[in-house]
Amino acid sequence: MNVASNLLCLEPKAATEFLVPLGELRDALYELYCDCGDPRMHAIHGSTSPLAGYVAGLYALCDEVLEMLAMISGDRSGPADLVRFTADIRTRCVAFEQACAPLADEVATALATVSVDATNPVDPLRDVREHFRDVVRAAGDLVRAELSA
């Protein structure tokens, strides 16, 4: 919820390069959140699970990126600070990628063990694997985003 509300507070001109992937990530995480309400998911989303670690890492990254974007939005001191903020965001994105990329593979493996009837149009988990791939894709888009001057 913090990610969603912080996105609304940013001026659109602040960094559109980051706003699109942040919005897509918010939407993908919401779908995954809904999936986690299904009892079949309980075994893979405990507080010490790879899924919990990956999602916690994403929320931490989003909070850091949004904080930096808010500073950029309010910063009027010139391009030198934009360069510093850009470097700070890049450092945080690289740290997330290094720490959490292995967790994404573990989550994908765990999701393969969840009983899902993908042919049943009313199985609430029929798209859970796709939802997680959407999260990983959106996280990758965020990590690759670049600020322009």
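Protection proxy ranking for 95-105, 34-44, using the average of other Cβ atoms within 10 Å per residue and placing the highest first: 95-105, 34-44. Sorting 23-30, 115-122 by their mean Cβ neighbour count within 10 Å, with the most densely packed peptide first, gives 23-30, 115-122.
Paramagnetic label reach from E106 (point 7 Å along Cα→Cβ; backbone nitrogen cut-off under 14 Å): within segment 36-51, residues 44-51. Extension gain, A52 to V114, is 20.7 nm, computed as 0.36 nm per intervening residue step minus the present C-alpha separation.
Each reported figure results from applying straightforward, stated rules to the coordinates on display, with no laboratory input. This structure is a prediction, so every number in the text was calculated from the model and none was measured. Ideal geometry is used to build each Cβ from the backbone, glycine not excepted, and the neighbour counts take in all protein chains shown.
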